[in-house]
Every structure is written in structure tokens, then in C-alpha cells.
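The values are calculated or read from the model by the stated rules, or taken from the named source; none is laboratory data. Please read all numbers here as calculations on a predicted model, not as lab measurements. Neighbour counts run over all protein chains shown; Cβ positions are idealised from the backbone, glycine included.
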């Protein structure tokens, strides 16, 4: 059976959670409110010199209020069964969310399924067939397996951190997973209309509506390897327009509503919500996916045996 790099990456990151802490000096994150030396993350968000909400910081997927804790006690799994939580970089990763009780609520996105468990995606018939084929083939063509950029939705949900650096005219998001780098232009430019080359990350432009940062991204690559919204292979095409609405309700929390509008792959647009929490007194770690990479040779060997 072929195992994807997705599973391996989670195992490696979990194993590193202790050793990395022992190797690197701890520097306190500047400008974080503290009480008795401990970060206070429930207050209002920071703001830039011109009064905009500042989204800068190192963030990790999950609902928690943030912080720099080094692990927690085991939680409860299905039917109350005790489980050992996955800990990445010293913080517990939230379990995959269930479908919301209210059918009209915005579903919470997850790494495995873009709209969480139990949410019926409005897939076009060909897209539903493609997802089934991808899952039947152990998701071996997920770009993560091949050390390629994994797509914005998978990056939103990946347990490895991401760092936001916000300036007046440009926001950068660096993803620890696969060493990804995304540009979001805040200078008022329009979407490109000169048939530009499509990008793995698309072309992102943002503007503020009150305290919400709205980001519209188009010009995606949507080919067989690029177009994955989640680990299970929910596809997207070059027709995708993704609209994200970033909110920072407190100093330590980030909420992102993401609307997927891809008429080639879906019968109607749908919106999901991602939660992230601030990591304090932490640093990003260099992640070079192709260094000493051995996964793909096993995949290719397995494919050769099948023939």
C-alpha cells in the first residue's frame, strides 16, 4: 500500500516537537501583552500605524486561544474513548471537526475534507468521480507527496505553522509546510486581465472592509496535481475564484471564512471557516521537502509493480 507524505509529515512533525524545543533558544515574542510574564491573548487585536487590524504573527491551525504551551493531557475521541492528541511544535492539534448541527451554519474546514465531515460538497459529476479515483489510489498524487505547493486550503488547515508579515501594501504568508510563500497585494491593484501564467498560489489582492481583510484570489493552476482542496482530493480548476475574509477577534485568534467559487468543478459556490491560534515565543523552522526525499521512489516502484 502506498503511503502519502501527508501522513509521514505529521509523524515527523510530532517527533520533532520535543527535540526542536531542546535545540533552539527561546526568545519572547515582542509586543505581546503579558501578566506575570504570561501572554494575555484575549484582549483586542493589535493595529498598524494607520489603524488597520494587524494580522502579523505565527499562527497554527486550531480553535484554541493560542500561546506557547508544550503539550496537554490526552483528550477524548469518538464515543468518549481516550486518545493521545497529536502535538505539533508543542501545541495540541484540534481533531477533525464534525458537520455543524445547524445546516445553515458555515462548516468548519479540515485538512482531510475541505468542508469537514458529513458536509455534502456540490461537486460536478466529473469532479466527484475524480475525487473517488484519487481516494481509491491512496491520494498518491496530492502535491504534498511530490514536494509541490499543496494549495491554499490545505495550507490553511495544515498542522505546521504559518507566519503572516503585514505591511502597508503587501502581506506575506510563509508556510512551514513545503516552505511555501504567498503574496497578497494590498495596494489596490486590479486582477490581471492579460492572460497571465497561472500560479500554484493564484494571484491574491486584498482590501479592508472595516476590521475584516477581504482577499480575492484568481489565476490558479488547476491541473491534475495542482487542484487539491484537501487531502482526500476535492478538486478545483483554473476557473476557481477564492474569496477569504480574515478576522482577528482577539489578540490570539484568527478566523477566516473562505468562499470556493469554481463553476467547472462545483454546481454552486460554498463557504467554509478556518480557525487559527497565535503561537507565542516560537519561531518558524526551515522545511526543505526535497532534502533526502525517498517517498516518491517507493510510489513509482509500487506503480511499476501494478503494471
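Within region 230-249, which residues are surrounded by 18 or more Cβ atoms within 10 Å (Cβ to Cβ) and farther than 19 Å from residue 184 by Cβ?
230, 231, 233, 234, 235, 237
Would you confirm, using the coordinates I've provided, whether residue 138 is at positive phi and modelled with pLDDT under 95?
Yes; evaluated as a whole, the condition is true for this residue.
Against the condition out of contact with any strand residue (DSSP E or B) (no Cβ under 7 Å at 6 or more places or on another chain) and farther than 21 Å from residue 105 by Cβ, how does residue 238 come out, does it pass?
No, not satisfied.
Suppose we keep only residues that are closer than 16 Å to residue 246 by Cβ and outside any loop (DSSP other than H, G, I, E, B) within region 39-54. Which one would you say is nearest to the chain's Cα centre (by Cα)?
That would be 53.
Residues in region 121-128: is at least one in a loop (DSSP other than H, G, I, E, B) and within 26 Å of residue 294 (Cβ to Cβ)?
Scanning region 121-128 turns up no residue that is in a loop (DSSP other than H, G, I, E, B) and within 26 Å of residue 294 (Cβ to Cβ).
So which of 195, 211, 230, 223 ends up being in contact (Cβ under 8 Å) with a residue 60 or more places away in the chain and over 15 Å from the mean Cα position of the chain (by Cα)?
Sole residue among the options that is in contact (Cβ under 8 Å) with a residue 60 or more places away in the chain and over 15 Å from the mean Cα position of the chain (by Cα): 211.
Can you name the residue in region 177-213 that is assigned to a loop (DSSP other than H, G, I, E, B) and touching a helix residue (DSSP H, G or I) at 6+ places or on another chain (Cβ under 9 Å) and, of all such residues, is surrounded by the fewest Cβ atoms within 10 Å (Cβ to Cβ)?
200
Of all residues in region 55-86 being more than 21 Å from residue 109 (Cβ to Cβ) and part of a strand (DSSP E or B), which is modelled with the lowest pLDDT?
76
Taking the conditions exactly as written (part of a loop (DSSP other than H, G, I, E, B), crowded, with 18+ Cβ neighbours inside 10 Å and modelled with pLDDT under 95), does residue 118 satisfy them or not?
No.
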